[in-house]
1. If I filter segment 143-177 down to residues being out of contact with any Cys (no Cβ under 7 Å at 6 or more places or on another chain) and among the small types (Gly, Ala, Ser), which single residue comes out as surrounded by the most Cβ atoms within 10 Å (Cβ to Cβ)?
2. For segment 74-119, give me each residue that is part of a helix (DSSP H, G or I), out of contact with any Lys or Arg (no Cβ under 9 Å at 6 or more places or on another chain) and touching a residue at least 60 places away in the same chain (Cβ under 8 Å).
3. May I ask you to say which residue of Ser69, Ser41 is assigned to a loop (DSSP other than H, G, I, E, B), surrounded by 15 or more Cβ atoms within 10 Å (Cβ to Cβ) and at pLDDT 95 or above?
4. Just to verify a result, which residue in segment 72-92, among those that are surrounded by fewer than 20 Cβ atoms within 10 Å (Cβ to Cβ) and of a type in the set (D, E, K, R), is nearest to Ile35 (Cα to Cα)?
5. Among the listed residues Arg99, Arg46, identify the single one that is under 25 Å from Ala115 (Cα atoms) and either outside the structural domain of Ser117 (by TED's automatic domain parsing) or among the basic types (Lys, Arg) (or both).
6. Considering Thr128, Thr185, which residue is β-branched (Val, Ile, Thr), modelled with pLDDT of 95 or more and either closer than 28 Å to Ile35 by Cα or assigned to a loop (DSSP other than H, G, I, E, B) (or both)?
7. Taking into account only those residues within segment 97-142 that are aromatic (Phe, Trp, Tyr) and over 30 Å from Thr165 (Cβ atoms), which is surrounded by the fewest Cβ atoms within 10 Å (Cβ to Cβ)?
8. Does segment 50-58 include one or more residues that are assigned to a loop (DSSP other than H, G, I, E, B), among the hydrophobic types (A, V, I, L, M, F, W, C), in the same structural domain as Pro156 (by TED's automatic domain parsing) and out of contact with any Gly (no Cβ under 9 Å at 6 or more places or on another chain)?
Amino acid sequence: MTSVSVIIPAYNSASTIIRALQSVVDQTLAPLEIIVVDDASTDTTRDLVATFATSSSIPVRVLSQTINSGPSAARNAGWDTATGDFIAFLDADDQWHPRKIELQFPVMQSQPKVAMSCHGHHFSSSTTWAEIPNNDTQATPITFHKFLIRNRCATPTVMLKRLITERFDSRKRFAEDYLLWMQITAAHGPALRLEAQLAHCSNPGYGGSGQSGQLLKMELSEIDGFATLRKSRAIGFGTLGLVVIWSWIKFGIRLFDSKVMKIRR
């Protein structure tokens, strides 16, 4: 087993949680533990996870939130109790390629100054996977300024050092991951990215049926994230103005794409 703690926030995820858990158990390089944070589900999510844990080859722990507080608080709760040197996030309706940890963990081990890495993903609910080209396993740096242009890392692709002090903003339910990635790269330097598509995300980046479909709320939360960066002096007023303008332009493109005419490949 590798020193990786897998954190899965779950809220009323009975229809998908076993698929997500199985994708972790199927890893060619096993993690140390799986921590499922049940965010006050009202369905059978907790029972399903408890049953799965009895036969899992990887230790599974369930943390139960008494109040539904959103994915930020749930991930933070799991993070704070994790014992691995590294944290890897997976959402309850997504899944990993069997080689995800095998390919990503050595990148983190070989670069001790790097606090965070991520990889490519595909919008799909399929449980079948394509072969990984060798040239997609090379890691390239992503700077803080590149993150200001757009979010480069989907949450189920991220692996980071457990001991860093940054956390998800528990007040935020939208774009909370994007803010954290910017805070981490501003404080610790560039993240690393593998182009290999090692995760299947069931909802698209925007315009889907879940939170990603609430475009205005996503946009306002993204703007609030830039304001947070300014308050911490990670960016100046000039940069704040530029990234806010660019963010609204992206919002217009997303709105057009989801409501009028598909322009996204």
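The values are calculated or read from the model by the stated rules, or taken from the named source; none is laboratory data. Computed from a predicted model, the values in this text were never measured in an experiment. No Cβ is skipped: glycine too gets one built from the backbone with ideal geometry, and neighbour counts run over all protein chains shown.
1. Per the criteria, the residue is Ala175.
2. Correct list: Ala74, Lys100, Ile101, Glu102, Leu103, Gln104, Phe105, Val107.
3. On the way: Ser69 fails: at pLDDT 95 or above.
So the residue among Ser69, Ser41 that is assigned to a loop (DSSP other than H, G, I, E, B), surrounded by 15 or more Cβ atoms within 10 Å (Cβ to Cβ) and at pLDDT 95 or above is Ser41.
4. Among those that are surrounded by fewer than 20 Cβ atoms within 10 Å (Cβ to Cβ) and of a type in the set (D, E, K, R), it is Asp80.
5. Within the list Arg99, Arg46, the selection yields Arg99.
6. Only one candidate qualifies: Thr185.
7. That would be Phe123.
8. yes
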